[in-house]
1. Quick check on the stretch B:181-196. Is at least one of its residues touching a residue at least 24 places away in the same chain (Cβ under 8 Å), among the hydroxyl-bearing types (Ser, Thr, Tyr) and within 14 Å of chain A (Cβ to nearest Cβ)?
2. Identify all residues within the stretch A:367-390 that are among the hydrophobic types (A, V, I, L, M, F, W, C), within 24 Å of the chain's Cα centre (by Cα) and within 16 Å of A:Val314 (Cα to Cα); write none if there are none.
3. State yes or no: is A:Asp100 under 20 Å from A:Ala25 (Cα atoms), in a helix (DSSP H, G or I) and of a type in the set (D, E, K, R)?
4. Find the residue count for the stretch A:296-311, including only residues that are open to solvent by 20 Å² or more (accessible area, probe 1.4 Å) and either closer than 15 Å to A:Cys225 by Cα or at pLDDT below 95 (or both).
5. Any idea which of (1) within 11 Å of chain B (Cβ to nearest Cβ); (2) over 27 Å from A:Met270 (Cβ atoms); (3) in contact with a helix residue (DSSP H, G or I) (Cβ under 9 Å, 6 or more places away or on another chain) is the one A:Asn340 doesn't satisfy?
6. Test A:Leu346 against the stated conditions and say whether it is buried (at least 24 other Cβ atoms within 10 Å of the Cβ), within 19 Å of B:Gly61 (Cβ to Cβ), more than 8 Å from chain B (Cβ to nearest Cβ) and in contact (Cβ under 8 Å) with a residue 12 or more places away in the chain.
7. Kindly indicate the residue of the stretch B:349-366 that is modelled with pLDDT of 90 or more and open to solvent by less than 60 Å² (accessible area, probe 1.4 Å) and also farthest from the other protein chains (Cβ to nearest Cβ) among those meeting that condition.
8. Among residues belonging to the stretch B:380-410 that are within 18 Å of B:Ser311 (Cα to Cα) and of a type in the set (Val, Ile, Thr), point out the one that is surrounded by the most Cβ atoms within 10 Å (Cβ to Cβ).
2 protein chains.
Amino acid sequence: MTLKKSPLAPATFPDLPEIAGVRFACGNSGMRYKGRDDVMLAEFAPGTTVAGVFTKNTMPGAPVDWDRKILSIGIARGLVVNAGIANVFTGAAGLKTVEDTATAAAQLLNAPPEHIYIASTGVIGEPVPTEKITNLLPRLAEDLSIDGGKSAANCILTTDTFAKGAAATAKIGEKEVMIAGFAKGSGMIAPDMATMLAFLYTDAAIPADVLQQMLSEANEKSFNCVTVDSDTSTSDSVLLFATGRAENGPPVDASGESLANFKKALLEVMTDLAQQVARDGEGASKFITVKVTGAESDSAAKTIALAIANSPLVKTAIAGEDANWGRVIMAVGKSGEKANRDKMNLKIGGVLIAENGSRAPSYQETAVTPHMKGQEIELEVDVAVGNGSAFAWTCDLTHGYIEINADYRS
Amino acid sequence: MTLKKSPLAPATFPDLPEIAGVRFACGNSGMRYKGRDDVMLAEFAPGTTVAGVFTKNTMPGAPVDWDRKILSIGIARGLVVNAGIANVFTGAAGLKTVEDTATAAAQLLNAPPEHIYIASTGVIGEPVPTEKITNLLPRLAEDLSIDGGKSAANCILTTDTFAKGAAATAKIGEKEVMIAGFAKGSGMIAPDMATMLAFLYTDAAIPADVLQQMLSEANEKSFNCVTVDSDTSTSDSVLLFATGRAENGPPVDASGESLANFKKALLEVMTDLAQQVARDGEGASKFITVKVTGAESDSAAKTIALAIANSPLVKTAIAGEDANWGRVIMAVGKSGEKANRDKMNLKIGGVLIAENGSRAPSYQETAVTPHMKGQEIELEVDVAVGNGSAFAWTCDLTHGYIEINADYRS
């Protein structure tokens, strides 16, 4: 099946900056895709620190097991990603694939295997032909290039219809540093996290434990706010590599003022990538932003926002361009979080539709019709019990989703 | 939009027995539907006890608020149900609709309003024209008939494509008693509970507190195991009325041997109705039974079973007749419950597909192809950590669901 580019895709792929200490190379392994690259090798300069967050699915793939294990070391020299067949539910053979891949890359990059990160995405439950990856690695090691970010962003895609990249600059003290990243994901997308891989890299010098704290925090407000279909992948991984080549004085903790600007830029890049994932949601015709305010806590607000963003009835109503506010309030109630039914308000596209738990006297459906016909839908719910707030991003649920996920054999 | 009858519908509507002490009447209110009845009045003989379980959605409709409030009295003389516009998110006006309806029915049945139960289903967020209901009630009170069960089962339908009924007999001591019931529901169906209304009635004499305990227990293993789209309705109600006309000696508690046979029959009727709801799931082309064994507890097993039954990726794969076992195991991991990835087994249609967490060496896809092409799909997962087990029932996710829920305006 050939997929049409999502109508919600950004106009162009951004210029990813070259970042000192990071090089990429890509190639075709022949394991599944023809006419495109499907294995990516990244090399990081000696001294690169790393942080990672992974799927909360309790049945992770072997690469997630591996990365989690080596993360405590905090040093990264390489990253190998393959697309097409995910190394998931593959038993002992899957673990061996990871170990063999890490060992092969480690030899080429002159590092121990425990400094090599692995990620894998694609069909699950099929054996991964390890040699098709390891045979390719020597050539990739020769091809490593500092301007390979765009090719790498394309190489890791599966059912995605466009490559996703983002970048920003930040200051740490007087030093300007750069952050760049790319991601893939368009189905089996739900927080914690998604069939989503994201790789971020910066030339900042930041100790691994500080990096980890910043990544975890930003992840809660970015990738963990995105959902396509509520299904949580077994392979989700977000990795952040810091080469230290900017030679800023490494900050000692994540909470201080010295990293405030960096954290802001990191969140920007991650939010941008996360939203691009929702914009490429399988079958998406509309991008939906859900904003919840007035909840008991930020965490309660996020639970409510995701209940709305995951509701098939809300998502199909939006696909049908219907401002079906009853379904939105149903989803609030389904979340289980505290909300005041008789005080809550709902706006769609800025138009007040429900007020104090029933239809607003002022509401005319025609006022919201132009918004519903657009590609960017905004739902704002105030649940009237506290000060907690959160966002979630998703897409509508259309025939396209069924085509991709049910009709893929025809 | 005219809906085609679900291909999974039972061949015929069952013969609902006449049950002493219960009479029904139906009529058309003119509030939404043309050419069919949409308001139902039931009368219960003096002395009828009642039990109820309701949606866990925290934004319930006004009828649920009312029924919950009067349930502690434990006595029922009447029931009024309307279909087409659900009395939900209607504020103070909605509460008045309920009170006015209960008062009108109470006068006609010579009972206090607090003995009159109310239920409502249909579009949410629209005002309910109370008088269209109350004006109809005097005629319905005159038309009450002991053989009105089938008409009543039809009268309460909304997007359902067939009426759902079930009946059984049981013994309490030497007395034979009868249980009958009918239900509606086909979308916004998820445990706790569904846009699902079910009304059960028996001629047994059973105190209200005993009745309540039995209903709650049976509900956990029947209606709360059904899901169509994970969306939890605001109006779900299951009510059980016991007229006492069988003149059995009323049992004093629910746990004794004297009610064992009755409980079994009640669970049978409720399971039958619950499965009919899944068989009428919006757009359903296949009925899916999920069986989970080996979980830490029955409750953990149920969480896992429902995670599988609610997964859009599992449901679309089944719609596509693909035995995509990786998606099933993904859903197990998404549930958050304990499972042993490297020991778990999965069968589809009795064919062992995954063994010890990866593809079974014996597995050939052709072995399961005929099962996947059928209308009754069975998934069995053993998660290999304990002795807990549970069932869930659902349907596949097809273009029909999108048509009903997104294209309903076209």
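The values are calculated or read from the model by the stated rules, or taken from the named source; none is laboratory data. Keep in mind that what you see is a predicted model, and the values were worked out from it rather than measured. Every residue, glycine among them, receives a Cβ derived from its backbone with ideal geometry; neighbour counts consider all protein chains shown. For accessibility, only protein heavy atoms count, side chains too; no ligands or nucleic acids. Shrake-Rupley method; radii C 1.70, N 1.55, O 1.52, S 1.80 Å.
1. yes
2. Here is the first cut: in the stretch A:367-390, the residues among the hydrophobic types (A, V, I, L, M, F, W, C) are A:367-368, A:372, A:377, A:379, A:381, A:383-385, A:390.
Still in the list and also within 24 Å of the chain's Cα centre (by Cα): A:377, A:379, A:390.
Matches in the stretch A:367-390: A:Ile377, A:Leu379.
3. Here the answer is yes, as A:Asp100 does meet what is asked.
4. Residues flagged as open to solvent by 20 Å² or more (accessible area, probe 1.4 Å) and either closer than 15 Å to A:Cys225 by Cα or at pLDDT below 95 (or both) within the stretch A:296-311 amount to 6.
5. (3)
6. Yes.
7. Among those residues, the one meeting the criterion is B:Gly350.
8. Filtering the stretch B:380-410 for residues that are within 18 Å of B:Ser311 (Cα to Cα) and of a type in the set (Val, Ile, Thr), the one surrounded by the most Cβ atoms within 10 Å (Cβ to Cβ) comes out as B:Thr394.
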